[in-house]
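Peer 1: Can you keep this structure in mind? I'll have questions shortly.
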Amino acid sequence: MTVVTQMTDRRLSLLPLLTRMRDRSPGLAASLLGGALAAGLGLGSFAVLVMVLWISSPYPDSGPGGALHMAAALWLLAHGVELIRTDTLSGLPMPVGVTPLLLLVLPVWLLHRAARDAADAESEAPPRTAWAGVVAGYLSVGAAAALYASGGGLRPSWAWTAVCLPLLAGGAAGVGVWTAYGRPRGPMPAWGRRFAEAPPLRLLSGVRRFVAGEDARLLGGAVRAAGAGAAALVGGGALLVAVSLVWHGGTARDSFLQLTDVWSGRFAVLLLCLALVPNAAVWGAAYGLGPGVVLGAGHVAGPLSASAPGPLLPAFPLLAAVPGVGVPLSWASGVVPVAAGVTVAWFAVAAAVPGGGAAGRDAAWSRRRTVAAVALAAGLCGVGLALLAALAGGPLGVAALAHFGPVWWQVGAATVVWTGVVGIPVAVGVRGWRLREARGGGARGPLSRLSWLSRSRSRGAGAGLPSTPPPVAAQPQAQPQPLAEVPDPLLEPFEPYEFLPVDPTVSPWREDASREARWAALKEASTPPEPTDPT
């Protein structure tokens, strides 16, 4: 009988291989499953919505297979993938690249949640394994969805699919893993330092060290100020769109009713309008900044444009609310970038002068450093708005509709100029005011002015009165002397009282003499007095 050992039989069974792989990468299977489940939930949500609209439509163009192809294409469009429409009247393929930004929320949230759960405290997966597993599982389902959608009427562009899907999955999963570990802000890891020391990024690292130095408070304050400025711009743009919709309410209602006559179609148009609300807010911000929104080749809707919007625009409620030329809303839109610049300055000064009192005055930045923080915040705000403008626009066809929406580089440049020009002088002024408050001048300023006014009034009222004599110098007070003891004649006859000793064994109340005296007193008190003789 031959003995089989590992040296004689080099074939390894499958079970030890799986065990070794599991020991080397614990939690990888759970991370892969979490990423695939996140992609499946997103696809399922889009499929349910499209199937409901397909079932409720009285005139469906295709069967359930076409509806599922449409759901997969919309899911890819939510990731920023450009679609190509093949069933056109001209027979030529038409690109569809405008991503409804509200659809982007669902994939990002699902990816963030899956990565956070894969890297939580109960999981055995290290952060790299959790991130890689979630991304790999998500991309595997995404590749299958892209292959399935390529057989429908809206086909994904493979170049955009290869760029947008990994970028979104990696970014959202990375933020989820970072959240699971408590959002640490420690030193940069070794691989991050090696990446930062690469020749293309060496200049940026030098700029960061020059601006921030050893104090990371400047960079953090600039990032917060840039975020606040971007939020102010987008919020102001949404307000402009809402005012324009109310102003053009009749035209928007007519365009909404003109699109379709059935309720299922109107519900679909309403859902599309809701999904494009964030896009409209970015368009409003671009309108307020000055570059405006491109509504076709040669047609720009902006406060400085001299031509009206394109007459060949499709009937759509959001497009019907585009303001014309020379309307009051065009000039009132300049308030939005001014408010954004003031917001950037306020948040930058909040980081420059952290508090009141002597501690806040000592920790305050110099004027030059404050200006550098506002300039850095303006640049970051411009980058953020340029990215939002690029996501909110895109092609809707060829020729006249080759680009629809704001131009990203124009929006970014206008944001930097507005926030820098408005924010720098406001930041310098607010910094000086807060430093004056920290020294105590701000708290005593109104009181000192009022007291000066009261003193001037009292001097004016008492000008005709005789002058008061000069005050007499105060005499030094004599020190109190102790009083001498004077004998009191009334107290001399008296002697000090001494308590009589009390026998603790015999009580005077129970003695015979005391009892007889009490009895005689009672008899005397109870005997009535004898009547007197009147004679």
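Peer 1: Counting just the residues of segment 1-49 that are within 50 Å of the chain's Cα centre (by Cα) and not in a helix (DSSP H, G or I), which one comes out modelled with the highest pLDDT?
Peer 2: That would be GLY27.
Peer 1: Here's something else I'd like to know. Quick one: count up the residues across segment 408-441 that are touching a Pro at 6+ places or on another chain (Cβ under 9 Å) and either charged (D, E, K, R) or buried (at least 20 other Cβ atoms within 10 Å of the Cβ) (or both).
Peer 2: Number satisfying all stated conditions: 6.
Peer 1: Something else: Given (1) assigned to a helix (DSSP H, G or I); (2) modelled with pLDDT under 60, identify the lone condition not met by GLU214.
Peer 2: (1)
Peer 1: Filter segment 50-68 down to the residues that are over 37 Å from the mean Cα position of the chain (by Cα) and either within 23 Å of ASN279 (Cβ to Cβ) or assigned to a helix (DSSP H, G or I) (or both) and list them by number.
Peer 2: Of everything in segment 50-68, those that are over 37 Å from the mean Cα position of the chain (by Cα) and either within 23 Å of ASN279 (Cβ to Cβ) or assigned to a helix (DSSP H, G or I) (or both) turn out to be TRP54, ILE55, SER56, PRO64, GLY65, GLY66, ALA67.
Peer 1: Still on this structure: Within segment 61-68, is there a residue that is surrounded by fewer than 19 Cβ atoms within 10 Å (Cβ to Cβ) and among the polar types (S, T, N, Q)?
Peer 2: yes
Peer 1: Take the conditions free of Cβ contacts under 8 Å to residues at least 24 places away in the same chain and hydrophobic (A, V, I, L, M, F, W, C) and apply them to ALA390. Does it pass?
Peer 2: yes
Peer 1: Could you list, ordered by first residue, the pairs with Cβ atoms under 6 Å in which the first is in segment 405-425 and in contact (Cβ under 8 Å) with a residue 12 or more places away in the chain and the second is of a type in the set (Val, Ile, Thr) and surrounded by fewer than 24 Cβ atoms within 10 Å (Cβ to Cβ), at least 6 apart or interchain?
Peer 2: Short answer, once both residue conditions are applied: VAL422/VAL338; ILE424/VAL371.
The values are calculated or read from the model by the stated rules, or taken from the named source; none is laboratory data. Here the structure is a predicted model, which means the values were calculated and not measured. Cβ sites come from the backbone with ideal geometry, for glycine too, and all protein chains shown count toward neighbours.
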